[in-house]
Amino acid sequence: MARPSEAAAAAAADEITLDDIRARLAPHIAAAAAFDGWTDAALDIAARDAGIDAAVARFAFPDGAMQMIAAWVGTVDRRMVEAFPPERIGALKVREKIRALVQFRLDCAGEVEEAVRRALAIQAMPQNVPAALRQGWNSADLMWRLAGDTAADYNHYTKRMTLAGIYGATLAVFVGDESEGKADTRAFLDRRIDGVMKFETAKARLLQDREGFSMTRFLGRLRYPAR
């Protein structure tokens with residue numbers, strides 16, 4: 001008869017889901033992908049390093065490279081949530097929140113830069129573009145939610161589309177950046193965020209003007225122009 005500790009361990013093992021296995025394997029896959037790409041070879045190495053049976057690991061990733069990449073992105077998402085609790089991010093301005101969140105993701109990418117470079121090449125394949133866009137949207141959505149965005153109108157979508165574009169473009173610059181401390185990437189990110197903030201300010205003013213527009217006053221001015 002199994003001792004209580006053994007029974008508890010067995011019960012815990014039975015409760016492990018495929019999502020749990022993917023999350024456990026993901027950082028190991030990314031580390032191996034720097035040398036072996038997002039391949040079954042990298043998955044086998046990850047399984048060995050994580051103490052998971054190779055057959056189980058392959059069963060957890062039937063869709064191959066894109067599923068492995070998605071699992072690693074999920075790891076970055078979880079790390080970001082843990083790194084930015086409300087008490088840390090709440091006091092920052094919107095610009096500072098977005099910059100800090102994007103920079104955090106870039107720092108994570110820097111830990112496995114070659115693997116990220118290979119991942120971007122895989123995501124750029126025509127058959128993988130739709131899934132890559134969904135990944136970018138989901139990451140942008142999480143960043144905006146951490147930043148406290150509660151927009152429910154069309155701004156909800158435009159903000160996420162814009163941020164996904166910024167993040168994707170910055171990541172592409174990042175993997176080719178050979179400047180000291182990735183200074184060129186940081187400057188690029190700052191310029192893009194500045195541009196978006198200026199656009200958002202101009203858009204807000206335009207919408208305010210539209211909301212305050214009165215057709216009656218406008219026609220009255222046409223009939224009785226100000227002297």
Quiz item: In what sequence do MET197, MET68, MET80, MET125 fall when counting other Cβ within 10 Å, fewest first?
Solution: MET125, MET197, MET80, MET68
Practice problem: Order by neighbour count: VAL112, VAL81, fewest other Cβ atoms within 10 Å first, most last. | Solution: VAL81, VAL112
Exercise. Check the straight Cα-Cα distances from LYS182 and name the aspartates and glutamates below 19 Å, setting aside those fewer than 8 residues away within the same chain.
Key: GLU96, ASP107, GLU111, GLU113, GLU114, ASP190, ASP194
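Give the order of TYR167, TYR157 when sorted by the count of other beta carbons within 10 angstrom, beginning with the fewest.
Lowest to highest Cβ neighbour count: TYR157, TYR167.
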Exercise. Please report the base-10 log of the normalised intensity I(q)/I(0) for segment 17-124, using a Debye sum with one equal scatterer per alpha carbon and no solvent, at each q in 0.11, 0.20, 0.22, 0.23 (1/Å).
Key: -0.38, -0.96, -1.09, -1.16
Quiz item: To the nearest 0.05, how large is the calculated FRET efficiency for ALA151 and PHE35 if R₀ is 41 Å and r is the Cβ-Cβ distance?
Solution: 0.45
Practice problem: Could you sort 33-42, 15-24 so that the peptide with the highest average Cβ count within 10 Å comes first and the rest follow in order? | Solution: 33-42, 15-24
Quiz item: Taking K and R as +1 and D and E as -1, what net charge do the other residues with C-beta under 12 Å from the C-beta of ARG79 add up to?
Solution: -2
Quiz item: Plugging the Kirkwood radius over Cα pairs into Stokes-Einstein for segment 46-87, at a temperature of 20 °C and a viscosity of 1.002 mPa s, what D comes out in µm²/s?
Solution: 181
Quiz item: In Å and whole numbers, how far do the C-alpha atoms of segment 66-208 stretch along each principal axis, longest first?
Solution: 45, 35, 28
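Each reported figure results from applying straightforward, stated rules to the coordinates on display, with no laboratory input. Everything numeric here is computed off the predicted structure, so don't read it as measured data. In this analysis, Cβ positions are derived from the backbone assuming ideal geometry, glycine residues included, and neighbour counts consider all displayed protein chains.
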